[in-house]
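The values are calculated or read from the model by the stated rules, or taken from the named source; none is laboratory data. Note that the structure is predicted; figures quoted are calculated from it, not measured. Neighbour counts run over all protein chains shown; Cβ positions are idealised from the backbone, glycine included.
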Amino acid sequence: GAGVSQSPSNKVTEKGKDVELRCDPISGHTALYWYRQSLGQGLEFLIYFQGNSAPDKSGLPSDRFSAERTGGSVSTLTIQRTQQEDSAVYLCASSIRVAQNIQYFGAGTRLSVL
Amino acid sequence: AQTVTQSQPEMSVQEAETVTLSCTYDTSENNYYLFWYKQPPSRQMILVIRQEAYKQQNATENRFSVNFQKAAKSFSLKISDSQLGDTAMYFCAFSWYSGAGSYQLTFGKGTKLSVIP
């Protein structure tokens with residue numbers, strides 16, 4: 001596609017429910033990153049994919065958070081048993097290769113946990 | 001740990017004037033990259049400018065330029081001839097090779113810039 005696409009744009013869920021957030025990177029981009037932007041905060045790194053593997057999961061805040069990437073393309077971030085503190089904008093970024101080191105971002109998914 | 005500090009939570013500038021946004025960072029790395037990203041209300045982070053730490057020459061992109069002071073660990077963004085479309089949150093970000101192939105970005109908390117007609 002022309003840019004990084006994320007869906008849904010907005011998601012409202014109830015505390016304790018599971019949610020899945022989707023990221024479709026720019027075609028041909030091998031590196032994919034997830035970030036979280038909480039209200040009034042900057043962005044914090046969650047996880048990095050190179051192809052289908054996730055060599056860096058160091059930013060995932062708890063074991064309720066997981067992510068996968070299939071076919072070296074689409075990635076899904078799953079949050080289980082959502083809590084109110086999970087409310088944030090979740091941004092995905094991709095780059096054509098790691099060494100080029102320019103990340104292109106999607107418009108994010110705004111998650112609201114009631 | 002790498003940290004990025006933006007000391008100006010909010011700034012305003014008159015249209016057509018020049019404004020400078022400040023950013024400092026802390027790192028023990030020698031090879032790294034610095035970025036300014038713009039985030040308008042649409043939420044999409046847009047790359048404004050990129051600087052490689054090993055390059056002494058300051059990066060420029062049209063009306064945007066940086067003042068990179070490596071020894072002082074300072075990386076300010078100058079916007080010349082400010083336009084209404086420049087109104088946005090501006091994030092300074094730092095990237096280094098963190099192992100496992102990752103060049104994750106560490107962001108400052110942002111500066112909200114308003115361009116006044």
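The rows are residues; the columns are (1) of a type in the set (A, V, I, L, M); (2) modelled with pLDDT of 95 or more; (3) part of a helix (DSSP H, G or I); (4) in contact with a strand residue (DSSP E or B) (Cβ under 8 Å, 6 or more places away or on another chain).
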{"site": "A:Cys23", "(1), (2), (3), (4)": "no, yes, no, yes"}
{"site": "A:Arg36", "(1), (2), (3), (4)": "no, yes, no, yes"}
{"site": "A:Gly40", "(1), (2), (3), (4)": "no, no, no, no"}
{"site": "A:Arg81", "(1), (2), (3), (4)": "no, yes, no, no"}
{"site": "A:Leu91", "(1), (2), (3), (4)": "yes, yes, no, yes"}
Which listed residue, of B:Tyr103, B:Tyr90, is farther than 27 Å from A:Leu60 by Cβ and not acidic (Asp, Glu): B:Tyr90
Just checking, which of A:Val113, A:Val19 is buried (at least 18 other Cβ atoms within 10 Å of the Cβ), more than 15 Å from B:Gln44 (Cα to Cα), among the hydrophobic types (A, V, I, L, M, F, W, C) and over 14 Å from the mean Cα position of the chain (by Cα)? A:Val113
Restricting attention to the stretch B:28-51, which residues are under 30 Å from A:Thr109 (Cα atoms), surrounded by 12 or more Cβ atoms within 10 Å (Cβ to Cβ) and not hydrophobic (A, V, I, L, M, F, W, C)? B:Tyr32, B:Tyr33, B:Tyr37, B:Lys38, B:Gln39, B:Pro40, B:Arg43, B:Gln44, B:Arg50, B:Gln51
Could you list, in sequence order, the residues of the stretch B:7-49 that are in contact with a Ser or Thr (Cβ under 9 Å, 6 or more places away or on another chain), of a type in the set (Ser, Thr, Tyr), within 10 Å of chain A (Cβ to nearest Cβ) and in a loop (DSSP other than H, G, I, E, B)? B:Tyr32
Residue tally, condition polar (S, T, N, Q) and under 14 Å from the mean Cα position of the chain (by Cα), over the stretch A:53-69: 2
Keeping to the stretch B:2-26, report how many residues are on the phi < 0 side of the Ramachandran plot and surrounded by fewer than 17 Cβ atoms within 10 Å (Cβ to Cβ). 15
Quick check on B:Ala53: is it under 12 Å from the mean Cα position of the chain (by Cα), of a type in the set (Gly, Ala, Ser) and farther than 20 Å from B:Gln8 by Cα? no
What's the number of the only condition in (1) within 14 Å of chain B (Cβ to nearest Cβ); (2) surrounded by fewer than 14 Cβ atoms within 10 Å (Cβ to Cβ) that A:Phe105 fails to meet? (2)
The correct count of residues that are crowded, with 16+ Cβ neighbours inside 10 Å, away from chain A (no Cβ under 14 Å) and at pLDDT below 95 in the stretch B:52-72 is 0
